[in-house]
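Engineer: Below are the structure tokens for one structure; questions will follow.
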Amino acid sequence: MEKILDEKLQGNSLVLEQDATNKRKLFIESYGCAMNFSDSEIVASIMAKEGFNTTPNLEDADLVLVNTCSIRDKAEQTVRKRLEKYNAVKRDHNPNMKVGVLGCMAERLKSKFLEEEKIVDLVVGPDAYKDLPNLIKEVEEGRDAVNVILSKDETYGDVSPVRLQTNGVSAFVSITRGCDNMCTFCVVPFTRGRERSRDPQSILDEVRNLSENGYKEITLLGQNVDSYLWYGGGMKKDFSKATPMQQATATGFPQLLKMVAETFPSMRIRFSTSNPQDMTEDVIKTMAAYSNICKHIHLPVQSGSDRILKEMNRLHTREEYFSLIDTIRAYMPDCSISQDMIIGFPTETEQDHKDTLSLMEKVQYNFGYMYKYSERPGTMAGRKMEDDVPEEVKKRRLSEVVALQRQLSQLQTEKNIGKTVEVLVERESKKSDKEWSGRTSQNAVAVFPKEHYKVGDLVNVKIHDCTSATLIGNAIGYSGTN
């Protein structure tokens, strides 16, 4: 389960600076996780070189691409509705328009989209974006086009992503692709392939480019960032076959974090997503050692029940998770921790549910992402387990988990009252054009009067009030990090 981006971002058409020499128009939307939004930036960069400018107007597009997510059934149904909309526009207004599906749904439903339902012209999996120019030529010559081959080594490290609808302050930097953790509920290993990491030098080059263009914060991104391992290229599972020299000089995630933090001391650094079984004490020590590494860890637990964790093939126990939380707080008492939780997994009992609630109370999460279990075709759970928890039970348990998390979030937010926190100004506040909004190192949203500050500034803010999710304060000066 991946963190799903803020719902307001789902399905936004993505627009970048126009090139006067480009004559064709591309309409591209993204759904799902941060990796999909990052991938859309790669796709836009590739297509710009093929003569396409992005457009926010569907009716004007020569090519429509939707970057899709298979993590939940709701995400798939949303994309299907959008495909119906695209085809209606194609039928009624723009018969020459071509429609393509990218990403995880593309890999999973390639035959259904192309042959059975005939609702798209091309289907492109997450590792085949460089093949888009060839696939578009196939479509223009009247043939359906598909490439969903999963790569052993593609990381797009040589593609410089454009930045789509960015605030010019923060950006994603992809460091790994794929996942080796075969959680029984998850489609990612099947739709994105095996785990492989990107050359650290290409990562540093991308961060340098962002820094030179005024960005102040990056998020190192991967399905499981703690598994980052560069030994010259190739899949992580083949590391044991690497030469002794490759193994001795390999770069792991703690080393990468240190390299980025030291090379760009004025750049705020975040990372997502972590897996409890792979997060080491070295990662935590590195976070604690560098002030520019934000003190927030997104640490999906999925369930508080050891029995359910085993059914999910999560390779950590409840007690091991508590031990990791204790280690984090020993090194960084002020570190915020967020969670992913799946409610109503097959065979979940009332006691399993109570175990989840008790785990939440013990950890005291700052915030979380909570979903009812949604059976995904092709996963081990989908093949082997009956989705046997009644829908009304799932809804009731989910409401209890959400209610508890709201209480915990309120308590954690209130702890900031009276403190001075560093805030990176990201945008105007939603509620007042006289206030700025930004995030603290702990990923809490804070608002304060604009005064003379501007977007991109790092500001010390004295907190005097809060809502359940937002800190309210007054600026007392620039942070020393500026």
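Engineer: Within the stretch 21-28, identify whether any single residue is open to solvent by less than 50 Å² (accessible area, probe 1.4 Å), within 19 Å of Asp127 (Cα to Cα), at pLDDT 70 or above and in a strand (DSSP E or B), and answer yes or no.
Structural biologist: Initial filter on the stretch 21-28 (open to solvent by less than 50 Å² (accessible area, probe 1.4 Å)): 22, 26-28.
Next cut, within 19 Å of Asp127 (Cα to Cα) only: 28.
When the remaining residues are screened for being at pLDDT 70 or above, the result is 28.
Subsequent filtering for residues that are in a strand (DSSP E or B) retains 28.
Within the stretch 21-28, one or more residues are open to solvent by less than 50 Å² (accessible area, probe 1.4 Å), within 19 Å of Asp127 (Cα to Cα), at pLDDT 70 or above and in a strand (DSSP E or B).
Engineer: Another question about this same structure. Could you please give the count of residues in the stretch 236-283 that are hydroxyl-bearing (Ser, Thr, Tyr), in contact with a helix residue (DSSP H, G or I) (Cβ under 9 Å, 6 or more places away or on another chain) and not in a strand (DSSP E or B)?
Structural biologist: Here the count works out to 6.
Engineer: Pairs only if they're at least six apart or on different chains, beta carbon under 9 angstrom, first in the stretch 362-382 and within 13 Å of Ser303 (Cα to Cα), second hydroxyl-bearing (Ser, Thr, Tyr) and at pLDDT 90 or above; list them, first residue then second.
Structural biologist: Pairs that qualify, where the first residue is within 13 Å of Ser303 (Cα to Cα) and the partner is hydroxyl-bearing (Ser, Thr, Tyr) and at pLDDT 90 or above, are Val363/Tyr321; Gly368/Ser338; Gly368/Ser409; Tyr369/Ser338.
Engineer: With the requirement that a residue be surrounded by 17 or more Cβ atoms within 10 Å (Cβ to Cβ) and in contact with a Gly (Cβ under 7 Å, 6 or more places away or on another chain), what does the stretch 195-208 give you?
Structural biologist: Within the stretch 195-208, Glu195, Arg196, Arg198, Ser202 meet the criteria.
Engineer: Could you please find all residues in the stretch 218-235 being in contact with a helix residue (DSSP H, G or I) (Cβ under 8 Å, 6 or more places away or on another chain) and not in a strand (DSSP E or B)?
Structural biologist: The answer is Gly222, Gln223, Val225, Asp226, Ser227, Tyr228, Tyr231, Gly232.
Engineer: List the number of the failed condition for Lys310; all other conditions in (1) surrounded by 15 or more Cβ atoms within 10 Å (Cβ to Cβ); (2) outside any loop (DSSP other than H, G, I, E, B) hold.
Structural biologist: If we test Lys310 against (1) surrounded by 15 or more Cβ atoms within 10 Å (Cβ to Cβ); (2) outside any loop (DSSP other than H, G, I, E, B), just (1) comes out false.
Engineer: Would you confirm whether any residue within the stretch 335-355 is part of a helix (DSSP H, G or I), of a type in the set (D, E, K, R), within 22 Å of Glu391 (Cβ to Cβ) and open to solvent by less than 60 Å² (accessible area, probe 1.4 Å)?
Structural biologist: yes
Engineer: Can I ask one more? Please verify whether the stretch 209-217 includes one or more residues that are open to solvent by 20 Å² or more (accessible area, probe 1.4 Å), of a type in the set (Phe, Trp, Tyr), assigned to a strand (DSSP E or B) and in contact with a strand residue (DSSP E or B) (Cβ under 6 Å, 6 or more places away or on another chain). Step through it out loud before you land on a result.
Structural biologist: Pass one, the stretch 209-217, residues open to solvent by 20 Å² or more (accessible area, probe 1.4 Å): 209, 211-216.
Checking which are of a type in the set (Phe, Trp, Tyr) leaves us with 215.
Now drop any that are not assigned to a strand (DSSP E or B), which leaves none.
So far as the stretch 209-217 goes, no, none of its residues is open to solvent by 20 Å² or more (accessible area, probe 1.4 Å), of a type in the set (Phe, Trp, Tyr), assigned to a strand (DSSP E or B) and in contact with a strand residue (DSSP E or B) (Cβ under 6 Å, 6 or more places away or on another chain).
Engineer: Within the stretch 394-428, take every residue that is outside any loop (DSSP other than H, G, I, E, B) and among the basic types (Lys, Arg) and give me the one that is nearest to the chain's Cα centre (by Cα).
Structural biologist: Among residues in the stretch 394-428 that are outside any loop (DSSP other than H, G, I, E, B) and among the basic types (Lys, Arg), the one nearest to the chain's Cα centre (by Cα) is Arg427.
Engineer: Which condition from (1) at pLDDT 85 or above; (2) open to solvent by 10 Å² or more (accessible area, probe 1.4 Å) is the one that Val169 breaks?
Structural biologist: Only one criterion in (1) at pLDDT 85 or above; (2) open to solvent by 10 Å² or more (accessible area, probe 1.4 Å) is unmet by Val169, namely (2).
Engineer: Now a separate question. Has the stretch 305-315 got any residue that is free of Cβ contacts under 8 Å to residues at least 24 places away in the same chain and either touching a Cys at 6+ places or on another chain (Cβ under 6 Å) or under 25 Å from Arg396 (Cβ atoms) (or both)?
Structural biologist: Taking every residue of the stretch 305-315 in turn, at least one turns out to be free of Cβ contacts under 8 Å to residues at least 24 places away in the same chain and either touching a Cys at 6+ places or on another chain (Cβ under 6 Å) or under 25 Å from Arg396 (Cβ atoms) (or both).
Engineer: Out of all the residues in the stretch 65-100, which are surrounded by 16 or more Cβ atoms within 10 Å (Cβ to Cβ) and within 19 Å of the chain's Cα centre (by Cα)?
Structural biologist: Residues satisfying the conditions are Val66, Asn67, Thr68, Cys69, Ser70, Ile71, Arg72, Ala75, Glu76, Thr78, Val79.
Engineer: So, Met370, is that one in contact with a helix residue (DSSP H, G or I) (Cβ under 8 Å, 6 or more places away or on another chain), aliphatic (A, V, I, L, M) and either farther than 25 Å from Ala444 by Cα or open to solvent by 10 Å² or more (accessible area, probe 1.4 Å) (or both) or not?
Structural biologist: Considered against the rule, which asks whether it is in contact with a helix residue (DSSP H, G or I) (Cβ under 8 Å, 6 or more places away or on another chain), aliphatic (A, V, I, L, M) and either farther than 25 Å from Ala444 by Cα or open to solvent by 10 Å² or more (accessible area, probe 1.4 Å) (or both), Met370 comes out as yes.
Engineer: Please go through the stretch 429-482 and pick out each residue that is open to solvent by 20 Å² or more (accessible area, probe 1.4 Å), without any contact (Cβ under 8 Å) to a residue 60 or more places away in the chain, out of contact with any Phe, Trp or Tyr (no Cβ under 6 Å at 6 or more places or on another chain) and outside any strand (DSSP E or B).
Structural biologist: Within the stretch 429-482, Lys430, Lys431, Ser432, Asp433, Lys434, Glu451, His452, Lys454, Thr467, Gly480 qualify.
Engineer: Is at least one residue of the stretch 129-136 of a type in the set (A, V, I, L, M), modelled with pLDDT under 85 and open to solvent by less than 30 Å² (accessible area, probe 1.4 Å)? Reasoning before the result, please.
Structural biologist: Start the filter on the stretch 129-136 by keeping residues that are of a type in the set (A, V, I, L, M), which leaves 132, 135-136.
Still in the list and also modelled with pLDDT under 85: none.
No.
The values are calculated or read from the model by the stated rules, or taken from the named source; none is laboratory data. Because the structure is a prediction, the values reported are computed rather than measured. So basically every Cβ, Gly included, is an ideal-geometry build from the backbone, and we count neighbours across all protein chains shown. All accessible areas refer to the heavy atoms of the entire protein, side chains included, with ligands and DNA or RNA removed. Shrake-Rupley method; radii C 1.70, N 1.55, O 1.52, S 1.80 Å.
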